[in-house]
Amino acid sequence: QIYFDFSGYSDMAIGLGRMFGFRFDENFAHPYAATSITDFWRRWHISLSTWFRDYVYIPLGGSRRSAAHNTFNLIATWALTGIWHGANWTFLAWGLMYFCALTTERVLGLARKRSVAMRIWTLLVVLAGWVLFRSTSLTNALQYYGRLAGSGGALWDAAAQSLLVNGWPVLSFAVLASLPVLPWLRSRIEARGNRHVLAAWGAGAGAAEVAVFVLSVLVCMKSTYNPFIYFNF
């Protein structure tokens, strides 16, 4: 929900900008296809991560000084990144959690590895971080983590089953849209150089985009409340 909310908003801003002659950079580059936490932050909210890199981390000295000073720079940068989202201990903990994860990858040399295990590690850290991000307090976050671990309630109950049964079409589409499947298919088609297939792909993609747009408008009209999550930040 956070991803599609803010990524969609960014895409709308990019599209509207082009209508007026401005070209804005991409703000999200399939972050859930990341192969490490380091890679994730090259793909997620790129404008924010690059701003903190250019105006906080590098001015503090970046990685050019001693290991201790570099550690301080990273802690300061990620603490400020967390607090930027709101004056709550949960956001500070969220930022410091990423400091720990990124430091772990750097010390162990994991950021350069490309494996299924690294992808699983990345998704686990990111999803664990969203619990902090969306919780109202640290106590609430710890209770949520406890439920995820199976304490205080079943991992699978009637509510979970109902959500999955009723929401699997949207969930399946969301997973597909979160991964660079369509760009990969397009690159394969372009590599073959068949202009008829390319024309068919373009027509099909255009029709699909119009259909998704119409469906989205209908869903918005049907719903009575559509909060924009990132308005809070």
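For ARG23 and THR50 in one chain, what is 0.36 nm times their gap in residues minus the Cα-Cα distance, to one decimal in nm?
Details: separation 27, 0.36 × 27 = 9.72 nm, distance 1.74 nm.
Value of the extension gain: 8.0 nm.
Quick check: at a probe of 1.4 Å, how many percent of the accessible area of the chain sits on carbon and sulfur atoms? Display every interim value, and only then the final one.
Working: 10380 of 15450 Å².
Solvent-exposed carbon and sulfur of the chain make up 67 percent of the total.
By how many degrees, between 0 and 90 and to the nearest 10, does the Cα long axis of helix 138-148 differ from the longest principal axis of the chain?
That works out to roughly 60 degrees.
Among 122-133, 1-12, how do they line up from the highest to the lowest mean number of other beta-carbon atoms within 10 Å?
Details: 122-133: 17.5, 1-12: 15.2.
Taking the mean over residues of other Cβ atoms within 10 Å, the ranking is 122-133, 1-12.
Can you tell me which of 28-40, 210-222 comes out highest on packing, and rank the rest after it, using the mean Cβ neighbours within 10 Å?
Details: 28-40: 19.2, 210-222: 9.9.
Ranking the peptides 28-40, 210-222 by packing returns 28-40, 210-222.
Applying the Karplus parametrisation 6.51 cos²θ - 1.76 cosθ + 1.60 with θ = phi - 60° to the phi angles of the range 195-201, what ³J(HN,Hα) value in whole Hz is obtained for each residue in order, glycine and proline being reported as x?
After applying 6.51 cos²θ - 1.76 cosθ + 1.60, I find 5, 5, 5, 4, 5, 5, 4 Hz.
With the convex hull built on the Cα atoms of the range 71-214, state its orientation-averaged projected area in nm². Walk me through the intermediate numbers first.
Working: hull surface 53.3 nm².
For the range 71-214, averaging the hull's shadow over all directions gives 13.3 nm².
How large is ³J(HN,Hα), in whole Hz, for each residue of the range 202-217 in order, when computed from phi with the Karplus curve 6.51 cos²θ - 1.76 cosθ + 1.60 and θ = phi - 60°, using x for Gly and Pro?
In residue order, the calculated couplings are x, 5, x, 5, x, 5, 5, 5, 5, 4, 5, 4, 4, 4, 4, 5 Hz.
Evaluate the charge dipole of the range 91-224 about its Cα centre and quote only its size in Debye, nearest 20, assuming +1 on the Cβ of each Lys and Arg and -1 on the Cβ of each Asp and Glu.
Details: 12 positive and 4 negative charges, 96 e Å.
The dipole of the range 91-224 has a size of about 460 debye.
How far, in degrees from 0 to 90, does helix 67-84 lean away from the longest principal axis of the Cα atoms of the chain, to the nearest 10?
Computed tilt is about 50 degrees.
To test your reading of the geometry: what angle, between 0 and 90 degrees and rounded to tens, separates the Cα axis of helix 89-108 from the longest principal axis of the chain?
90
With every protein chain kept in place and ligands, DNA and RNA left out, what is the accessible area per residue of the chain? Probe 1.4 Å, answer in Å². Walk me through the numbers on the way to the answer.
On the way: 15450 Å² over 233 residues.
I get 66 Å² per residue for the chain.
Taking +1 at the Cβ of each Lys and Arg and -1 at the Cβ of each Asp and Glu, which of GLN1, ALA68, THR103 sits farthest along the dipole of the range 1-106 towards its positive end, judged by Cα position relative to the Cα centre?
Farthest along the dipole direction, towards plus: ALA68.
With only alpha-carbon atoms in the gyration tensor, what are the semi-axes of the equivalent ellipsoid for the range 157-218, in Å, largest first?
They are 32, 15, 7 Å, listed largest first.
Just to be sure I understand the curve: with the Debye formula and one point per C-alpha of the range 114-191, what is log10 I(q)/I(0) at q = 0.11, 0.12, 0.15 Å⁻¹?
With no solvent term, the Cα-only Debye profile gives -0.48, -0.56, -0.81.
Highest mean first, how do 15-21, 47-53 rank when packing is the count of other Cβ atoms within 10 Å averaged over residues? Kindly include the intermediate steps, with their values, before the conclusion.
Values: 15-21: 9.0, 47-53: 14.7.
Top to bottom by mean Cβ count within 10 Å: 47-53, 15-21.
To one decimal place, what Kirkwood hydrodynamic radius in Å is obtained for the range 1-103 from all pairs of distinct Cα atoms? Write down the numbers at each step before the final one.
On the way: mean 1/r = 0.0670 Å⁻¹.
One decimal place: 14.9 Å for the Kirkwood radius.
Per residue of the range 18-34, in order, report the coupling 6.51 cos²θ - 1.76 cosθ + 1.60 (Karplus, θ = phi - 60°) as ³J(HN,Hα) in whole Hz, putting x for Gly and Pro.
Karplus-based 3J(HN,Hα) across the range 18-34 equals 5, 4, 9, x, 9, 10, 9, 6, 4, 9, 9, 10, 6, x, 7, 9, 5 Hz.
The values are calculated or read from the model by the stated rules, or taken from the named source; none is laboratory data. Quick caveat: nothing in here was measured; it's all calculated off a predicted structure. No Cβ is skipped: glycine too gets one built from the backbone with ideal geometry, and neighbour counts run over all protein chains shown. For the accessible areas, the whole protein counts, side chains as well, though only heavy atoms, and no ligand, DNA or RNA atoms are used. Shrake-Rupley method; radii C 1.70, N 1.55, O 1.52, S 1.80 Å.
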